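A short worksheet on the structure shown next.
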Amino acid sequence: MSSTIPPPGLPNLGRCLVMGVVNVTPDSFSDGGRWFDTSRAIDHGLEIAAAGADIVDVGGESTRPGAQRVSLEEELRRVEPVVAELSRQGVVVSVDTMRAEVADHAVEAGARLVNDVSGGLADPAMARLVAKTGTPYVLMHWRGHSHAMYNRAHYDDVVTEVRDELRKRMDSMIEAGVEPEQLVLDPGLGFAKRADMSHNWQLLAHLPELATLGRPLLVGASRKRFLGRALADANGQPRDFAECDDATVAVTTLAAERGAWCVRVHDVRANADAVRIAAEWHRAAVAPTSAPAGQDSP
Ligand code: PMM
């Protein structure tokens, strides 16, 4: 997987990158309301950058199951000043949006990556915008807006179907003028995937099959429901998402070791440690075990 060419204009650190989340929303699944105020969102973005986020992902629309859409004006009001100020302070910012117009304003304000959970399906203008700006673009697997996505979570073979649907979306972006090098692919954990059907685990366990599409992979497992289910108590009661950060670190470690390009996480510090440890492990695994000539190993 690590042989794919990383998207241009983003950090290339020879290890899995960490994308830290700033949801400027009142209602996101795990951190809704905490960073809703502009200045608190900016402070949080700076904090997570200092804690080791290589990219800070700023979003103004919740995608939690059942969420209703916000207006374009409201999304712009939430996102633009946060993107502008973080970028001004030297943070690498991505914008988490399904709207081309929001992406356009955010790129103008300094965003260096467009993260679209709809993979270009929610807004037909997105592909042209991404082609025009030349910005790297996260194309996520998606089957519909939050209110409808669980009705569409039916698969005979989730890995093959997600891979084929991602390939179709890639082809259509490229047809609209997007360069293949701009694209990052994401299996969309939790989006039209059922926690009780192991869809998410199958996708994680088969990342190399998604990597055959030839583009870097982003994994967004942080605090998602399927982790809570895996850690259910003796009565089958799922673990609360707020208690799933250690599980997220475990996924990060495994995903990084298997060559994921980036993980999207809420608790940045521990995940930043995990990708660094995975990188050391990998370096040692590919290096010769004999000491270089002329050196004594203590
Ligand atoms: N998940 C959420 C939001 N944005 N973006 C990408 N690329 N991949 C994801 O898995 C993803 C995303 C939902 O999580 P949150 O509401 O806890 O931020």
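The table below lists the values:
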read-out	value
Out of 116, 104, 157, sole residue that is charged (D, E, K, R) and under 12 Å from residue 188 (Cα atoms)	116
Residue that is surrounded by the most Cβ atoms within 10 Å (Cβ to Cβ) [pool: residues in the range 126-184 that are assigned to a helix (DSSP H, G or I) and of a type in the set (Ser, Thr, Tyr)]	133
Any pair with Cβ under 8 angstrom, 6 or more apart, that starts in the range 231-242 at a residue that is among the aromatic types (Phe, Trp, Tyr) and ends at one that is assigned to a loop (DSSP other than H, G, I, E, B)	241/29; 241/30; 241/223; 241/224
Residue that is in contact (Cβ under 8 Å) with a residue 12 or more places away in the chain and of a type in the set (Gly, Ala, Ser), where the choices are 285, 247	247
Index of the failed condition, residue 259 passing every other in (1) touching a strand residue (DSSP E or B) at 6+ places or on another chain (Cβ under 8 Å); (2) surrounded by 24 or more Cβ atoms within 10 Å (Cβ to Cβ); (3) of a type outside the set (A, V, I, L, M)	(2)
Within the range 51-87, tally of residues that are open to solvent by 10 Å² or more (accessible area, probe 1.4 Å) and part of a strand (DSSP E or B)	0
Tabulated pairs, the range 210-226, first basic (Lys, Arg), second in a loop (DSSP other than H, G, I, E, B) and more than 7 Å from the ligand (Cβ to nearest atom), C-beta under 6 angstrom, 6+ apart or interchain	215/4; 223/244
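The values are calculated or read from the model by the stated rules, or taken from the named source; none is laboratory data. Quick caveat: nothing in here was measured; it's all calculated off a predicted structure. Because the Cβ atoms are built from the backbone with ideal geometry, glycine has one as well, and the counts that use them run over all protein chains shown. For accessibility, only protein heavy atoms count, side chains too; no ligands or nucleic acids. Shrake-Rupley method; radii C 1.70, N 1.55, O 1.52, S 1.80 Å.
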